[in-house]
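Engineer: Have a look at the structure that comes next, please.
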Amino acid sequence: MESPPVEEPVLDGDVEPREAAVRWRLGGAARCRKALAISEPGADRLALIRTLVRLSDGRLGLDAEQVRLTFDETNLLSRFGLAIEGGVVRLEESDEDYRSTPGLKRALTLDSAPRQLFAPGTPDAVLLRSTSHTRYKSAAQKAAVRALLTMPAGSCLMVSMPTGSGKSLLFQLAAIEARRRRPGACVVVIVPTVALALDHQRTLSGIPGLENSIALTGDVRGAARENALFAFRRGDIPVLLLSPEQAFNPTVLEALLEAATDPAHKAGGLTASLGTLVIDEAHIVEQWGRSFRPDFQRLSSVLARLRVLNPEIGVLLLSATLPSSARRELRRSYGTGTGGWLEIDAHAPRYEFDVVVQSFQDTNKREQSLDLAIDRVPRPAIVYTTLVDEASALFNRLKNERGYTRIALFTGDVSDPAKRRAIVRDWSEDRLDLVIATSAFGMGIDKADVRSVIHACLPESPTRWYQEIGRGGRDGHQAFAVCLFTDATYQSPIENDVTTAYGQSGRSWLGRDLAEKRWAALLDKRRAISWNVDRRRVTLDLDAVREGLPNESGDYNRAWNRALLTLLQRAGVVEVASTGATADEAGDVWVVDIVDARLLDPSSSEVWDGISVVRDAEQAEARKELNKFVEVMRHPEATCVTRAAFEMIEGGRALAEPCGRCPSCRLLSLDPPTVLSCGGLERAWSGMSRSRRPLLPNGVTLIAPDDPFFDKGISSLVARLARVGVEQVVLDSRWAVEACRSLDLNGADLGFAISYGEWVGPSTSLARLATAVLLPQEGDRARLLLTRVDDLAKAWPDIPILVVGQPHRELDGRRLDQIVSARAPLSETMLDDVFEGEAS
């Protein structure tokens, strides 16, 4: 059987890889020059010069760059692996420099070729109609768009695709297509951070039809806030971006509920019609919602209220990583709609990173390697630690002893919102080259050109490591992931990064004794208790202090009370009705509905037995995952680190290729993949997709084309197919753009196109729509396609399926008109009669 053609990899804007490599070098060099022009003499300038030398093939003329080194800088050149001769700075470093971290030198070899080379997906009419793209970035993006636009009413779609693979296109198309069908249609997108909301708003402002989209952050106050909400209610805002806390703000929630109400039942002019609720970075519903941002874990209650008014509202969950625990929580919270549940998974890790992993028995040796890595990795760079104290100490040492000034510290202790925003702004605008941070820095800070991420710690899960290195390389080019951690467990019980990781892994869960004491304190200090239908509703003061602690509350005490209440919600014994939150800050008074009345009985232990089962299971899973991760990081030469972490996160659902760029892959001389294949097309909704009524009978019909070999193009043929209700065409990828434009011009609502290579791939599913299959001339491929048509006809007895081919053509000694269909073939021109007969 003939193999399908290998598709060329695709980049943003369909730029060729060689041109992309040149653009990347020039862009990186321009960034360095801009930063050099405003940098003070010292370590920052030398780190930037080193980055610029790498991008200039190892040599840089200072006169041409109009850069003069001070005497002190000249003496520091060797620290940065540089030397100067005749005004030319060059890389000069030895193996001895990297003796403590031997993998770092090889990893730092420049590679300007793009690394995010997805096998592209053929376009659809809806893509060409609504965007400037001529093909999808990947099969996964194509599958996700197809699933989104054919969602049954009241359903939930969960999409997992790598960073940079185009998840935002989904809610953009959801809004564009909804407004094409009905004025005032809107989409609400829940985002975790203000930075991400504003980033989405900037992108949407440049998309025709979505220019009026708005991020309703806590900074939008007074008249501006009132005007924005009224514009939303009026139907003028196609995409409304909110934090979860904002979604619970009474005035915002009132506007959402009004948008969910049938426009026919609203006052004149208020035409907003909410069709889709989107949760971006959906994995944090489980991770952050457990203790840090509990409103993430009760967003499903907002959805429930919206669906009371409009059961057809759909949900779209987007993420780059979805661990098993997050998937379970999302299914529990959002899998209750009437329209079903579908998951689209790319099953593709990110391959941008050169990975270095090194453990140290001695803290001083780790510090030496860390200093070397910080001096020599390309800028911009992030250094992560686990503990706030360690981040602060490293920041002070780098600033006071190592001479860095274009540097910032970002941890949970940086509580001033203005200061946090200033750091993010300076980072985004290239006034910083280095950020020392805990995991508080990163989510929603979408800086595309971060080149290096260093962990001066061992993250407490593969998910945290993978997500944090994911702050780098978002432009699809070379990035560095360096993990340097202490591990003295074999020699001494002293504190080290491995034991810290285990401590962090278990700290989000309360023990049973402390949980019961905290619940007793919350009940004892309750502000009110009443009935809510058939449940008791309790108003709780989060400043309640459990027995055994000083009678003085603070943020730490309130955080543990929030963690307890979200645990009780996950265990199904309470439902949080309100957190008293305003703007983007959590409230100190929560209202909960008691689902299990035994929780109000101090003598009942059975209810706590059940809660403990949930808590123990969650903690055991986290410990099991960490055990695997520690083993991989302790022995990075034994297995591909990137693949192992990704498969741990995916819970065994994906088998990825080796990355070609980690310690194990370098040891085995494994090459990285040249084209990245994505899954997703194997999944589609099982029910009938909403579309126009086709004009041909159900089952298989053979269509005889006027041009048997399609030599003159296929526009005329596809136009006729579209006019009789065909919404999906299987064809050669070379004809896809022409076919999609013809579908769009002739009334196709969606106009999906599937290439031969896509459909004959493993388990590829089609959308349940009237479909035409254009038979190729290659005999083996035609036979395979007819087998797929036969399977389709058995699965879809209620859908028209058209096979386009010459009736007298023979395959295996039999004519097509004898094997394709029991009914007589139709000529292509007869489709005009069908259409005109219906029109008359």
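Engineer: Where the centre of each part is set by its Cα atoms, how far does region 113-132 sit from region 206-257, in angstrom?
Structural biologist: Centre-to-centre distance over Cα atoms comes out at 30 Å.
Engineer: Pull up all non-local amide H partners of LEU811: gap of 5 or more, or a different chain, and H-to-H distance under 5 Å with H placed in the peptide plane.
Structural biologist: Result for LEU811 returns LEU816.
Engineer: Let me ask another. Calculate the dipole size of region 699-839 relative to its Cα centre from +1 charges on Lys and Arg beta carbons and -1 charges on Asp and Glu beta carbons; express the result in debye to the nearest 20.
Structural biologist: It comes to approximately 320 debye.
Engineer: For region 169-181, in order, what is each residue's ³J(HN,Hα) by Karplus, 6.51 cos²θ - 1.76 cosθ + 1.60 with θ = phi - 60°, in whole Hz (x at glycine and Pro)?
Structural biologist: Using θ = phi - 60°, the values come out as 4, 5, 6, 5, 5, 4, 6, 4, 5, 5, 6, 5, 7 Hz.
Engineer: Something else about it: Once fully extended, how much extra length lies between TRP531 and ARG788, figured as 0.36 nm per residue of separation less the alpha-carbon to alpha-carbon distance?
Structural biologist: 86.7 nm
Engineer: Still on this structure, please answer the following. List the residues whose amide H sits under 5 Å from the amide H of GLY340, counting only those 5 or more places along or on another chain, with H placed 1.01 Å from N in the peptide plane.
Structural biologist: CYS156
Engineer: While we're here: Are any of the pairs LYS419/LYS447; LYS167/LYS447; LYS34/LYS447; LYS365/LYS419 more than 23 Å apart by Cα-Cα distance, and if so, which?
Structural biologist: Exceeds cut-off: LYS365/LYS419.
Engineer: Same structure again: If you place +1 on the Cβ of every Lys and Arg and -1 on the Cβ of every Asp and Glu, how big does the dipole about the Cα centre of region 12-94 come out, in debye to the nearest 20?
Structural biologist: I would put it at about 60 debye.
Engineer: Here's another thing I want to ask about it. To the nearest 20 Debye, how big is the dipole of region 395-517 about its Cα centre, given +1 on the beta carbon of each Lys and Arg and -1 on that of each Asp and Glu?
Structural biologist: 300
Engineer: While we're on this one: For region 808-840 and region 476-555, write down the distance between their C-alpha centroids in whole Å.
Structural biologist: 68
Engineer: Would you please give the residues with an amide H less than 5 Å from that of GLU92, counting only those at least 5 places away or on a separate chain, with H modeled from the backbone geometry?
Structural biologist: LEU82, ALA83
Engineer: Given Cα pairs under 8 Å that are at least 6 residues apart, what percent is the relative contact order of the chain?
Structural biologist: The normalised contact order for the chain reaches 14 percent.
Engineer: Show me the ranking of peptides 221-228, 196-203, 235-242, 660-667 by mean Cβ neighbours inside 10 Å, starting with the highest.
Structural biologist: 235-242, 660-667, 196-203, 221-228
Engineer: Which one, GLY779, LEU802, SER821, is farthest towards the positive end of the dipole of region 699-839 when Lys and Arg carry +1 and Asp and Glu -1 on their Cβ?
Structural biologist: GLY779
Engineer: Between LEU600 and GLU254, what FRET efficiency comes out of the Förster formula 1/(1 + (r/R0)^6) with R0 = 35 Å and r the beta carbon distance, rounded to 0.05?
Structural biologist: The value I calculate is 0.65.
Engineer: Using the Karplus equation 6.51 cos²θ - 1.76 cosθ + 1.60 (θ = phi - 60°), what ³J(HN,Hα) coupling, rounded to whole Hz, does each residue of region 545-554 give in order, writing x for Gly and Pro?
Structural biologist: Result, rounded to whole Hz: 10, 5, 4, x, 10, x, 7, 8, 8, x.
Engineer: On to the next question. Given the C-alpha centroids of region 736-798 and region 335-408, what is the distance between them in whole angstrom?
Structural biologist: So the two Cα centres are separated by 46 Å.
Engineer: Positive end of the dipole of the chain, charges at C-beta (+1 Lys, Arg; -1 Asp, Glu), about the Cα centre: which of PRO244, GLN358, VAL538 has its Cα farthest in that direction?
Structural biologist: VAL538
Engineer: While we're on this one: Going by average Cβ neighbours within 10 Å, how do the peptides 354-363, 592-601, 61-70 rank, with the highest at the top?
Structural biologist: Descending mean neighbour count gives 354-363, 592-601, 61-70.
Engineer: Cα gyration tensor of the chain, axes a ≥ b ≥ c as square roots of the eigenvalues: rounded (a/c below 1.5), prolate (a/b > b/c) or oblate?
Structural biologist: Note, shape of the chain comes out oblate.
Engineer: Can you tell me the length gained on complete extension of the stretch ALA440 to GLN361, counting 0.36 nm per residue apart and subtracting the Cα distance?
Structural biologist: Extra length available between ALA440 and GLN361 comes to 25.7 nm.
Engineer: To continue, here is another question. Can you tell me what share of the DSSP beta bridges in the chain is antiparallel? A percent to the nearest 5 is fine.
Structural biologist: Around 30 percent antiparallel, to the nearest 5.
Engineer: I've got another one for you. Helix-only mean residue ellipticity at 222 nm, the chain, DSSP H runs n ≥ 4 weighted -39,500 (n - 2.57), per residue, nearest 500. What is it?
Structural biologist: -11500 deg cm²/dmol
Engineer: For the peptides 475-483, 612-620, what is the packing order when you average, over each peptide's residues, the other Cβ atoms within 10 Å and list the highest mean first?
Structural biologist: 475-483, 612-620
Throughout, read-outs are computed from the coordinates displayed, never taken from laboratory work. Keep in mind that what you see is a predicted model, and the values were worked out from it rather than measured. Cβ atoms come from the backbone with ideal geometry, glycine included; neighbour counts cover every protein chain shown.
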